[in-house]
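Undergrad: Encoded as structure tokens, here's the structure I'll be asking about.
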Amino acid sequence: MKYALTLSMTVATLALAACGSQTEAPAAHTEAPAAETVAAETTPTVVAGAVTIEDAWCRPSPNGAKAGGCYVILTSSLDDTLTGISTDQADMAQVHEMKMEDGVMKMAHLDKGLPLVANQRTELKPHGNHIMLMGLKAPLVSGQTAKITLTFEKAAPATVDFDIRTPPMVGGEQ
């Protein structure tokens, strides 16, 4: 029983660590021509004329971690829904919601997708909604990229290169 509790606590700790404890400054918003593959930290790219993808990045995973957190800013020109995430780098990828309930941080899969309100920036970020990669096949290493495909209800799917980087510390974070 003690082993099961320790294992559960370890898994929960790694999952929350992947969700992030540091924050990143938001990227500037500019339009760019349409393309299928997007390089992160460059000018945003419009996908199928409907969704702008900005500042796509993942946090490096700690040694041995089987989960990792990724973040991105999405702006759709029409009401849409981010319905799926896939990557060859993990067994499973999902959009997760983070929220406080009775003083406890809770994380849950958004099984109906993430709504994108027309002309409103939707930021997936540390301590908030984010992409969770589970069953990582290799560690997420700073300086590399993770190729992730975002699937939308209306817009065409987009395969995006997410930079793997450690965000700068903000305030009193260590």
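Every number in this text was worked out from the coordinates using simple rules, so none of it is lab data. Computed from a predicted model, the values in this text were never measured in an experiment. Cβ atoms come from the backbone with ideal geometry, glycine included; neighbour counts cover every protein chain shown.
Undergrad: Tell me the label-point distance for the pair Ser86, Thr159, using the 7 Å Cα-to-Cβ offset, in nm and rounded to one decimal.
TA: The modelled label-to-label distance comes out at 1.1 nm.
Undergrad: Quick one: net charge around Ala90, please, counting Lys, Arg +1 and Asp, Glu -1 for every other residue with C-beta under 12 Å from its C-beta.
TA: Working: positive: Lys66, Lys137, Lys147; negative: Asp88, Asp91.
Net charge around Ala90: +1.
Undergrad: Which value in nm describes the separation of the simple spin-label points at Glu97 and Leu78, placed 7 Å from the Cα toward the beta carbon?
TA: Label at Glu97, label at Leu78, 2.5 nm between them.
Undergrad: While we're on this one: Normalise the Debye intensity by I(0) for the stretch 89-156, one equal point scatterer per Cα, no solvent, then take log10 at q = 0.19, 0.22 Å⁻¹ and round to two decimals.
TA: -0.95, -1.15
Undergrad: A further question follows. Whole-Hz Karplus ³J(HN,Hα) for the stretch 77-91, in order, using 6.51 cos²θ - 1.76 cosθ + 1.60 and θ = phi - 60°, x for Gly and Pro?
TA: Result, rounded to whole Hz: 7, 9, 4, 8, 9, 7, 9, x, 9, 9, 7, 6, 8, 8, 5.
Undergrad: Sticking with this structure for a sec: Calculate the spin-label point distance for Met169 paired with Met107, positioning each point 7 Å from the Cα along the beta-carbon direction, and give it in nanometres.
TA: 2.2
Undergrad: Output ³J(HN,Hα) for the stretch 61-71: one whole-Hz value per residue in order, computed from phi by the Karplus curve 6.51 cos²θ - 1.76 cosθ + 1.60 with θ = phi - 60°, and x for Gly and Pro.
TA: Going residue by residue, I get 8, x, 3, x, 5, 9, 9, x, x, 10, 9 Hz, with x marking Gly and Pro.
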